[in-house]
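All remarks here apply to the structure that follows.
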Amino acid sequence: MRRPLQLSRHLSRLLVALFVLFAPVSAFAVNPDEVLADPALEARARTLSAELRCMVCQNQSIDDSNAELAKDLRLLVRERIRNGDSDEAVLNYIVSRYGEFVLLKPRFSVRTVLLWGAPVLLILAGGVSLLVFGRKRAGRPTGSKLTPEEQAKLSELLEKEPSARGGRD
């Protein structure tokens, strides 16, 4: 009776230790020296930082990344906000320097439509071509016509066939 109780305690302690070990640590990589004094401006900076991709990590926002480039971008965003730029102006400035890839959610444009629409268009084009070529081939006879010698041989075989089966038809 005592053994299962001890085992249960050990397992629960192990689970708690694993939970603490694997629990997510602070998700933000923003250092205290980067934070703006005005809470409203800081909130804008955090919102913009969450929309920008870290070019080193690539699948993290600059707000979540500890990379030096991410820190430089965070400082640049805060500097532009302090200088009075609108959110759109800050994003446009960073996109002009780093390209559309820096945005975690790309803007709707002809490029993005082509990027996301091309696979669908290719699948549709392939399906239509299969239907068109399939219908054209369905009406055609398969194979070539028999030569006169082959036709004579076939006729001869067809005439012999009932006798080969023993007259049963």
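The values are calculated or read from the model by the stated rules, or taken from the named source; none is laboratory data. Just so we're clear, the structure is a prediction, and the values are computed from it rather than from any experiment. Methodologically, a virtual Cβ is constructed for each residue, glycine included, from the backbone with ideal geometry; neighbour enumeration extends over all protein chains shown. We work out accessible area using only protein heavy atoms, side chains counted, and drop any ligands, DNA or RNA first. Shrake-Rupley method; radii C 1.70, N 1.55, O 1.52, S 1.80 Å.
Can you list the aspartates and glutamates whose alpha carbon is less than 14 Å from that of LYS160, not counting same-chain residues fewer than 8 positions off? Once the sequence-local aspartates and glutamates are set aside, what remains near LYS160 is ASP169.
Ordering SER61, SER109 by accessible area with a probe of 1.4 Å, largest first, what comes out?
Working: SER61 10, SER109 50 Å².
Largest accessible area first, the list is SER109, SER61.
Here's the list of lysines a cross-link from LYS153 could span, going by alpha-carbon distance under 23 Å and ignoring same-chain residues fewer than 8 apart: LYS145. The modelled label-to-label distance for the pair LEU158/GLU34, using points 7 Å beyond Cα in the direction of Cβ, is 8.7 nm.
Using a probe of 1.4 Å, the accessible surface attributed to THR47 totals some 80 Å² when neighbouring protein chains are kept in position. Using a probe of 1.4 Å, the accessible surface attributed to PHE133 totals some 130 Å² when neighbouring protein chains are kept in position.
What is the sum of charges, Lys and Arg at +1 and Asp and Glu at -1, for the other residues whose Cβ falls under 12 Å from the Cβ of ASP38?
Values: positive: ARG44, ARG78, ARG82; negative: GLU42.
Here the count lands on +2.
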